[in-house]
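Let me begin by presenting the structure, written as structure tokens, before commenting on it.
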Amino acid sequence: MEKITEEIISLIHHYPTTPMYSLQMNKQGCKLVVEMENNVDYRLVENNGESIMIPLNVMITRSGKQRLKVKIYPKDGDQYLTKYAHVQINIFNAPSKNSSLKEYVKIAEFILPQGLEAKKLPYYEQNVDFKARVPFDYSEELNTAMDLSKIKGIEEKVVKKYNEVREICENSDIIAYNKLSIHSSVLVYNTTYTSAEDIKNGQKSNRFGVVESNLKNRKFLPIENYIVQFYANNKIVALWQKNHNPSLFMNGENSTGKIMEGGDPLFLYMPEGSTELKAW
């Protein structure tokens, strides 16, 4: 792990400015997916109400106009969106990572329109546009990456990679999992301006749920009944179960015997000059 941590730290950039963008999501009576154009998505797909705030920086590739795609689906058991479906999304900006809460300014919002139940919609989508200024730029890496939709047998290659990672998780191989995740870790640390010291402390204390877990009788679901989802002009790909959950999905029993479920998304891309799928 020390060598992996050293490699991650060697790829960290230090920026003179650290603007932050955050996404506050609240939903009930439906399933919610938010996808950043030219990047990946984030999913709230439980049937119960959910509320969360996430750092949006990790979904921004470069400065300029941003487009967030809001995708809303009926909850399990409903054919259409009902009058109980509610979604509210707020996007905030702060001048730096050390800004106080009072310095966060709302720059865009979305509220699910009322009366949609009369239209009997099995799906609703709307774009939310805003501008961002960030010191990092990951767009060139994606622009030069392979167009995965043009690769022969791409579905089989993606499924094979998912099964390899599933085996790593089943074996609780923390070293292999962290080695696989170097690029994605660096992307998160750079876009959230994480210091080398915080990275070292985080690597020591972090418990990787899908690799190392306190759950008993931990079991990963097989990679089947999935949907192949492309992102960023076909430069990124992921597999999702038909209920919108990640294909790297597991369940197990906690200390009280309650069944717990969870999983991690795995976004893959093929860098320029490579023939291997790697974690984005």
remark   = Reported set for the range 124-166 where residues are under 29 Å from K31 (Cβ atoms), surrounded by 13 or more Cβ atoms within 10 Å (Cβ to Cβ) and of a type in the set (S, T, Y) is Y124, Y138, Y162
query = If you go through the range 121-172 one residue at a time, how many are out of contact with any Lys or Arg (no Cβ under 8 Å at 6 or more places or on another chain) and β-branched (V, I, T)?
reply = 6
query = Taking only pairs six or more apart or across chains, which ones have beta-carbon atoms under 9 Å, a first residue in the range 172-188 that is not assigned by TED's automatic domain parsing to the domain that holds E7, and a second residue that is surrounded by fewer than 16 Cβ atoms within 10 Å (Cβ to Cβ) and aliphatic (A, V, I, L, M)?
reply = none
inquiry  = If I ask for residues that are among the β-branched types (V, I, T), in a loop (DSSP other than H, G, I, E, B) and either surrounded by 19 or more Cβ atoms within 10 Å (Cβ to Cβ) or modelled with pLDDT of 90 or more (or both), which ones from the range 237-280 would you list?
reply    = T275
query = Which number in (1) within 24 Å of A238 (Cβ to Cβ); (2) not assigned by TED's automatic domain parsing to the domain that holds N243 marks the one condition that N26 misses?
reply = (1)
query = When you go through Y80, Y42, Y84, Y73 one by one, which is the residue that is in the same structural domain as Y124 (by TED's automatic domain parsing), within 13 Å of the chain's Cα centre (by Cα) and of a type in the set (S, T, Y)?
reply = Y42
inquiry  = One residue is enough: does the range 111-130 have a residue meeting the conditions assigned by TED's automatic domain parsing to the domain that holds I52, within 23 Å of the chain's Cα centre (by Cα), of a type in the set (G, A, S) and modelled with pLDDT of 95 or more?
reply    = no
ask   = So is I4 at pLDDT below 95, not in a strand (DSSP E or B) and not small (G, A, S) or not?
value = yes
request  = Starting from the range 21-35, take each residue that is within 20 Å of K242 (Cα to Cα) and list its partners that are charged (D, E, K, R) and outside any strand (DSSP E or B), counting only C-beta distances under 7 angstrom and pairs at least six apart or across chains.
outcome  = G29/K75; C30/K75; K31/K75
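The values are calculated or read from the model by the stated rules, or taken from the named source; none is laboratory data. On a predicted model such as this, the values are computed, not experimentally measured, just so you know. When we count neighbours, we look across all protein chains shown, and the Cβ atoms used for this are built from the backbone with ideal geometry, even at glycine.
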